[in-house]
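Q: Sharing a structure here in structure tokens format.
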Amino acid sequence: MADRLNGYRILILETREEAQFSRLLAEQGADVLQCPMFAIHDAPDSAPVEAWIRRFVAIPCDDLVLMTGEGLRRLMKVARRIEVERDFIAALASARKFARGPKPGRALREIALEPQVTTEKPTSEGIAEMLARFDLKGHRVGLQLYPDKDHSVLTGAITAQGAELDPVLPYVYDAQAADANIVTAIEEMAKGALDAIALTSSGQVRRLIEVAQAHGCEARLRDGLARTPIASVGPVVSDELKSHGLRADITPANGAYFMKPLIAAMAAALSQKPPRHVQGTIRLD
């Protein structure tokens, strides 16, 4: 039913695929406060990315581990620019593809491919546990990485199985550009102007804390979070909150750790009280 969140003002911290989340919330009538957390840019040195793609085309990897949908889309952008898109897709089709959660799978389907295996735990540790069930000895394994993460546990787990690892990092984050947006969002929470904050990745929690500490407003952040219901998409986010002394007030039912079940849980929880404000669309940038 549409308009289940009509009039409720919900903060989302935009990362890779939050545009879809914003649209789904808006379809339910929510007043979405969009806070970009960082800008995403192509790798500043494109040569290693181009070389990785050309290696993959020349001799496709036996296995490919996709950590993010954004990563595959950035790789496809480079493949189009160097005019090997069709050959690259054919090479991708020949590899056994492992996806870290549903987002890489969606990116694969955009080029008419499917992952052979999707991890139940959308984390680096979950990928490592999943790969441990497969024989990788002697395999060449392509690994698409993402920025601001220590991937040593995952890369060590792959090489420990006797695989030849070929990693690629196709994009970088520009975090400082969005600091002012996050500080403004913190003030909105502290003023009690939001009905909820919805978190879909553990990195969002860490980023909030880091920016608040850097700008001397951690107390304001914690005050704001104490008076604002926190919606968490699943246990990874909830555990990250807990590690910082915070709590998840709203989570999806029945272990359905996806956006639509999260929205349904938010609608059920928030409907117990009227919205705190008059509706109006705002974007912090």
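Q: What are the aspartates and glutamates whose alpha-carbon lies under 16 Å from the alpha-carbon of Lys260, with same-chain residues fewer than 8 places away excluded?
A: Partners found: Asp3, Glu17, Glu18, Glu27.
Q: A follow-up question, please. What length, rounded to one decimal in nm, is gained on full extension from Ser46 through to Glu210, with 0.36 nm per residue of separation minus their alpha-carbon distance?
A: Numbers: separation 164, 0.36 × 164 = 59.04 nm, distance 2.91 nm.
Working it through step by step, the gained length comes to 56.1 nm.
Q: I'd like to know how region 171-285 sits against the 2.2 N^0.38 Å rule of thumb: what's its Cα Rg over that expected value? Each step should come with its number before you reach the end.
A: On the way: Rg = 14.2 Å, N = 115, 2.2 N^0.38 = 13.4 Å.
In units of the globular-protein estimate, region 171-285 measures up at 1.06.
Q: Using the heavy atoms of the protein chains alone and a 1.4 angstrom probe, what is the accessible area of the chain per residue in square angstrom? All intermediate terms of the calculation are to be shown ahead of the outcome.
A: Numbers: 13000 Å² over 285 residues.
I get 46 Å² per residue for the chain.
Q: Asp174 versus Arg133, label points 7 Å from Cα toward the beta carbon: distance in nm?
A: If labels sit at Asp174 and Arg133, their model points lie 4.1 nm apart.
Q: What are the ³J(HN,Hα) values, in whole Hz, obtained from phi via the Karplus relation 6.51 cos²θ - 1.76 cosθ + 1.60 with θ = phi - 60°, for each residue of region 239-253 in sequence order, with x given for Gly and Pro?
A: 5, 5, 4, 4, 5, 9, x, 10, 9, 9, 8, 10, 9, x, 7
Q: If I fit a long axis through the Cα atoms of helix 259-270 and take the longest principal axis of the Cα atoms of the chain, what angle between them do I get, 0 to 90°, rounded to 10?
A: With rounding to tens, the tilt is 10 degrees.
Q: Just to be sure I understand the model, the point goes 7 Å from the Cα along the line to the Cβ. What's the resulting Glu83 to Glu164 distance in nm?
A: For the pair Glu83/Glu164, the computed spacing is 2.9 nm.
Q: Something else: So in region 37-179, what percent of DSSP beta bridges are antiparallel if you round to the nearest 5?
A: On the way: 4 of 19 bridges.
Looking only at bridges with both residues in region 37-179, the antiparallel portion is about 20 percent.
Q: So what is the calculated 222 nm ellipticity per residue for the chain, using -39500 (n - 2.57) for each DSSP H run with n of 4 or more, over all residues, to the nearest 500 deg cm²/dmol?
A: On the way: 12 runs with 126 residues, N = 285.
The per-residue figure over the chain is -13000 deg cm²/dmol.
Q: Quick one: of the DSSP bridges fully inside the chain, what percent are antiparallel, nearest 5?
A: Details: 4 of 34 bridges.
Taking every DSSP beta bridge within the chain, about 10 percent pair in antiparallel fashion.
Q: Any chance you could run the full-extension gain for Glu120 through Lys149? It's 0.36 nm times the residue separation minus the Cα-Cα distance, nm to one decimal. Don't jump to the answer; show the numbers that get you there.
A: Numbers: separation 29, 0.36 × 29 = 10.44 nm, distance 1.98 nm.
Going from the current span to full extension adds 8.5 nm.
The values are calculated or read from the model by the stated rules, or taken from the named source; none is laboratory data. Owing to the predicted nature of the structure, the values given are computational and were not obtained by experimental measurement. All Cβ positions, glycine included, derive from the backbone under ideal geometry; neighbour counts span all protein chains shown. Side chains are part of the model used for accessible areas, which takes the heavy atoms of the whole protein and leaves out ligands, DNA and RNA. Shrake-Rupley method; radii C 1.70, N 1.55, O 1.52, S 1.80 Å.
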